[in-house]
């Protein structure tokens, strides 16, 4: 057992919300917004009016992407020419351009020059590919991606100000074509070393472990950059649950591999998980102990466990310890 001195909790600013769609919410009955859904130039330059968007009724019914038909969940800031409510929105599975006319989309696909996703292929294993896309180099593609994701994310997300972010596009191989099934974004320059800003998995591809895979990749990137990472706050309830599951599995595996090096700082350095997140996860697992060192001193915190306690924690929380991503297949520059 090793002692980890009490640390003051760092303050986290309210930032871009993180949310992963996990299961469809109760979609409101179809209703037309009695307001103009157009986005002003000021909003385009500044990003968007997120607080207003959260209270607006959804303005798209069905989304057609590739071979899938999806039911939109939330409001999306479509251009004014799309009208107040769109019955059917068609999305090109190559460039992510969106239209409300099926014939126009069919004509577009005949002329679309995009044969693959932009950016650099950084991961490929079996049926999965991940592309790293710079928001500055491929601005329109990333803007389209963000707008489409907004239809499945309740919490705020960037729409137009994408140049300061890198996007990691998760794609499934479908015959001779790659189809986007999810993504996460990461701020290029984060003074708090946030390793993930926003995450989304399409409803048709949930329950496949893709959210976990993307979270794991974000921490592999932190390890490669020799940084301690953490997602931007605030976390949605679903996002918090996904992260708690990942942190618990990663920390449990690390403790099994290093039973004699259990200081929170050491666990953090090996896993790239922030010490605050390590502490909260150990407490959640019931593996954190407090010991009063003396008057005027903050309580010391112990990472304490036996093999039986660790196994019991894994079973009680139904932790999945297997990694979803294979680090040996990541292509670093």
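The values are calculated or read from the model by the stated rules, or taken from the named source; none is laboratory data. The structure presented is a predicted model; accordingly, all values stated were derived computationally and were not measured. For neighbour counting, all protein chains shown are included, and Cβ atoms are generated from backbone atoms with ideal geometry for every residue, glycine included.
When residue 173 is tested against (1) under 15 Å from the mean Cα position of the chain (by Cα); (2) not in a loop (DSSP other than H, G, I, E, B), only condition (1) is not met. When residues in the stretch 189-214 are screened for being touching a helix residue (DSSP H, G or I) at 6+ places or on another chain (Cβ under 8 Å) and part of a loop (DSSP other than H, G, I, E, B), 1 of them pass. I need the full set of residues from the stretch 253-282 which are closer than 23 Å to residue 184 by Cβ and in contact with a helix residue (DSSP H, G or I) (Cβ under 7 Å, 6 or more places away or on another chain), in order please. Hits for the stretch 253-282 are 254, 268, 270, 271, 272, 273, 274, 275, 277, 278, 281.
For a quick check of your reading: which strands (runs of 3 or more DSSP E) sit entirely within the stretch 53-169 and have at least 1 residues that are farther than 30 Å from residue 323 by Cα? Steps first, answer last, please.
Working: elements: 60-65, 68-71, 86-91, 120-125, 128-134.
Strands (runs of 3 or more DSSP E) meeting the threshold: 60-65, 68-71, 86-91.
Just so you know, in the stretch 250-262 the residues that are touching a residue at least 60 places away in the same chain (Cβ under 8 Å) and buried (at least 18 other Cβ atoms within 10 Å of the Cβ) include one that is nearest to the chain's Cα centre (by Cα), and it is 252.
Listed by first and then second residue, the pairs with beta-carbon distance under 6 Å, at least 6 apart or on different chains, first residue in the stretch 103-129 and in contact (Cβ under 8 Å) with a residue 24 or more places away in the chain, second assigned to a helix (DSSP H, G or I) and surrounded by 11 or more Cβ atoms within 10 Å (Cβ to Cβ), are 123/329; 125/329.
Every residue, every condition in (1) modelled with pLDDT under 95; (2) more than 17 Å from residue 214 (Cα to Cα); (3) in contact with a helix residue (DSSP H, G or I) (Cβ under 6 Å, 6 or more places away or on another chain), yes or no:
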| residue | (1), (2), (3) |
| --- | --- |
| 129 | no, no, no |
| 132 | no, no, no |
| 164 | no, yes, no |
| 175 | yes, yes, no |
| 187 | no, no, no |
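Starting from the stretch 303-324, take each residue that is closer than 17 Å to residue 250 by Cβ and list its partners that are modelled with pLDDT under 90 and in a helix (DSSP H, G or I), counting only C-beta distances under 7 angstrom and pairs at least six apart or across chains. Listed pairs, sorted by first residue: 303/264. On the stretch given as the stretch 64-88, residues that are in contact (Cβ under 8 Å) with a residue 60 or more places away in the chain and either surrounded by 15 or more Cβ atoms within 10 Å (Cβ to Cβ) or closer than 12 Å to residue 147 by Cα (or both) total 11.
The combined condition, being assigned to a helix (DSSP H, G or I) and crowded, with 22+ Cβ neighbours inside 10 Å, is fulfilled by residue 217.
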